[in-house]
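These notes are about the structure you will find just below.
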Amino acid sequence: MLYKYVAFAPSGEQVNGSVDADSEEIAERTLWDWHYKVVLIQRVKPRPTLDQLIPSLFGVKPREVINFSRHLATLVESGIALLPGIELLQGQSKGPFARVLGDIARDLKNGSPFSTAIAQHRTIFPPIYNRLMEVGERTGSLETVLRQVATHMEKEQAIVKRVRGAMAYPAFMVVLAVVVVGILVTTALPPLVSLFDEFDTGLPLPTRILIGVSTFATAYKTHMLVVAVMVVAVAAWYVRQPSGRRQLDYLFVRLPLIGAINIQSNVSRFSRTMAMLLRAGLPLSDIMELVLQTTQNQIIRDELSDVREELMRGEGLAKPFARSRLFPSMLSQVVSVGEETGALDTNLDTLAEFYAAEVDERVGALTSMVQPVMTLGIGLVVAFIAISIIMPMYSIMGHIQ
């Protein structure tokens, strides 16, 4: 890390410069070794890279972490030590992930455990990954844990992709409709308006409405664009605030169909996570803490937090889940049977697969319902524009005759 400093040299002259050090204390000690009297020292913040600014496009993809985990498990199982294995995988990687693996290899050379090295990259390796690596290092089963976490992440990504895929088609259709209507209203319609004015014929109501919209959009298109950008910017800022994010999360769990998909996908995810962590030997209190850290929806996280508090008071899992008004009743019933039979991890796995299938079914139903509605809506808009243009044509032909 780079630190800028202002200091007085032994000659009494004030000097400005920078020094590379691992911490502020080391940088200050270096300056004192140079016999400088330090006045000011501060870290120089590096310019953010593209993968930091836009992680969804340029950052490390979950698939890279999954492949890394599987390949590292194979290398460790075949007898290759951890550090050479990571260095080998670093040479096969590209972009930001190669830099991350380089940092991990450097930390391992400095004596850090693998779990500590990956903990420095929390945006890439989630807390569950770090904790499982601790368990693997402690029990000597690192390759097994690496495969478990890779399988877990694959299933997580499958659920996310299915839900996003259901939302992609309606979003695409809305954008396409807005673009097509915008082009028609702002470019194709104005020449026709001049034609209508030239013949001075009475225009039907749909045409007058369309002309009014076209005139307004043409005259104020810059203003409309500025307002649209401002609205998007304000909305993006608001949803990043705690209150705004909470309201958005509340909306996502209360909307018809979408709310059920969101809740069931979250139940599937944390059930699978809990099952994996139980098999790794972690206590339930730690498992619930890790589940809380990996749950994105604030409303669901609050419910899980209440469950954890009641668990810590000795209530178990089934009763707190049963008292929740958010989670489905099957969750508490399956957990109750698992607690009684000692097969909680197996029951949670079964529950995860069941709700993953439910999400698939609901996503399919939502897509099949949205597609005809979107098609009908776009068809009505296009029909309105076509009628508004065709109707005055008959008046013009009659005027010519």
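No value in this document is a laboratory result; all are computed from the given coordinates. Since the model is a prediction, treat every value here as computed from it, not as a measurement. Note that each Cβ is placed from the backbone with ideal geometry, even for glycine, and that neighbours are counted across all protein chains shown.
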> What value, in deg cm²/dmol to 500, does the helix sum -39500 (n - 2.57) over DSSP H runs of n ≥ 4 give at 222 nm once divided by the residues of the chain?
Replying inline: -25000 deg cm²/dmol
>> Sort 180-186, 370-376 by the packing proxy (mean of other Cβ within 10 Å over each peptide's residues), most packed first.
In response: 180-186, 370-376
> Shape call for the stretch 306-378 from the C-alpha gyration tensor, a ≥ b ≥ c root eigenvalues: rounded (a/c under 1.5), prolate (a/b greater than b/c) or oblate?
Replying inline: prolate
> What is the dipole size for the chain, taken about its Cα centre, with +1 at each Lys and Arg Cβ and -1 at each Asp and Glu Cβ, in debye to the nearest 20?
Replying inline: 520 debye
> Dividing the alpha-carbon Rg of the stretch 2-46 by 2.2 N^0.38 Å yields what?
Replying inline: 1.05
>> Looking at the stretch 85-213, I'd like the Rg to Rh ratio, where Rg is from alpha-carbon atoms and Rh is Kirkwood's inverse mean 1/r.
In response: 1.45
>> Checking the cross-link filter: which lysines have an alpha carbon closer than 16 Å to that of Lys94, excluding same-chain neighbours under 8 positions apart?
In response: Lys61
> Based on the mean of other beta carbon atoms within 10 Å per residue, what is the order of 350-356, 260-266, most packed first?
Replying inline: 260-266, 350-356
> If one computes the Cα centroid of the stretch 123-147 and of the stretch 248-281, what distance in Å separates the two points?
Replying inline: 23 Å
> Can you sort Phe68, Phe321 so the residue with the fewest Cβ neighbours within 10 Å comes first?
Replying inline: Phe68, Phe321
>> Under 16 Å between alpha carbons, and skipping anything fewer than 8 positions from Lys109 in its own chain: which aspartates and glutamates qualify?
In response: Asp22, Glu87
>> Checking the a/c ratio against 1.5 first, then a/b against b/c, what shape does the Cα gyration tensor give for the stretch 286-332?
In response: oblate
>> For a test of the definition: using alpha carbon positions, the gyration tensor, and the 1.5 limit on a/c, classify the chain as rounded, prolate or oblate.
In response: oblate
> How do Trp237, Trp34 line up, fewest other C-beta atoms within 10 Å first?
Replying inline: Trp237, Trp34
> Would you list Val381, Val253 from fewest to most Cβ contacts within 10 Å?
Replying inline: Val381, Val253
>> Give me the percent relative contact order of the chain, please, defined on Cα pairs under 8 angstrom at least 6 residues apart.
In response: 14 percent
> Can you list the aspartates and glutamates whose alpha carbon sits under 12 Å from that of Lys37, skipping same-chain ones fewer than 8 residues off?
Replying inline: Glu13, Glu28
> Going out from 0 in 10 Å bins, what whole percent of all Cα-Cα distances in the stretch 58-154 drops into each bin?
Replying inline: 17, 58, 25, 1
